[in-house]
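Here is the structure we will look at.
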Amino acid sequence: MGITVNGLDELKKLAGSDLGTSEWIDVTQERIDTFADATGDHQWIHVDPERAKEGPFGAPIAHGYLTLSLFIPLFTELLDVQGVTTKVNYGLNKVRFPSPVKVGSRIRLVGKLAEVEEVKGGVQIVVDGTIEIEGGAKPAAVLQSLSRFYV
């Protein structure tokens, strides 16, 4: 499945390592609609399948931020840090959405632990992530995520 480390010292040793690839997850119309309801973003290209068929992508597409939000469940398949008290999403350095995710697609994450640096009370990691679309020529998202782990 993924990599499990116990404590910050083991995490530091992984700096520069490939974290592997997550399992595929389905991007369904229900998932898109639920995200639209949660965010208030009901643009037709996401939530109106009939109209979206006539749109530029030929089908409804996931919100870019829905794709981005799926980074966390995908990432937790790649790396489990135990022996810490708190795990915090700290932010993003870079995010791009090279290709839309059409309804019915499957996506997965390929990750690399680019950096591990000490911060007060813990460490901050930088993960280079690529969210791939099954059978797609371009990724759905390319990002650099920052997380902090505290003891």
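Numbers below:
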quantity: Residues (in a helix (DSSP H, G or I) and more than 10 Å from the chain's Cα centre (by Cα)) located in segment 52-81; calculated: 52, 53, 64, 77, 78
quantity: Residue identified as part of a strand (DSSP E or B), modelled with pLDDT of 95 or more, open to solvent by less than 60 Å² (accessible area, probe 1.4 Å) and over 17 Å from residue 16 (Cβ atoms) among 84, 110, 126, 95; calculated: 95
quantity: Of all residues in segment 25-40 being of a type outside the set (S, T, N, Q) and surrounded by fewer than 14 Cβ atoms within 10 Å (Cβ to Cβ), the one that is nearest to the chain's Cα centre (by Cα); calculated: 26
quantity: Selected residue [under 18 Å from residue 20 (Cβ atoms) and in contact (Cβ under 8 Å) with a residue 40 or more places away in the chain] from 75, 149; calculated: 75
quantity: Residues satisfying the stated conditions in segment 1-51, i.e. assigned to a loop (DSSP other than H, G, I, E, B), farther than 30 Å from residue 121 by Cβ and either of a type in the set (S, T, N, Q) or in contact with an Asp or Glu (Cβ under 8 Å, 6 or more places away or on another chain) (or both); calculated: 23, 24, 28, 43
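The values are calculated or read from the model by the stated rules, or taken from the named source; none is laboratory data. Predicted, not measured: the structure shown is a model, and the values here were computed from it. Positions of Cβ are generated from backbone atoms using ideal geometry, with glycine treated the same way; all protein chains shown enter the neighbour counts. Areas reflect the complete protein model, heavy atoms only, side chains present, ligands, DNA and RNA absent. Shrake-Rupley method; radii C 1.70, N 1.55, O 1.52, S 1.80 Å.
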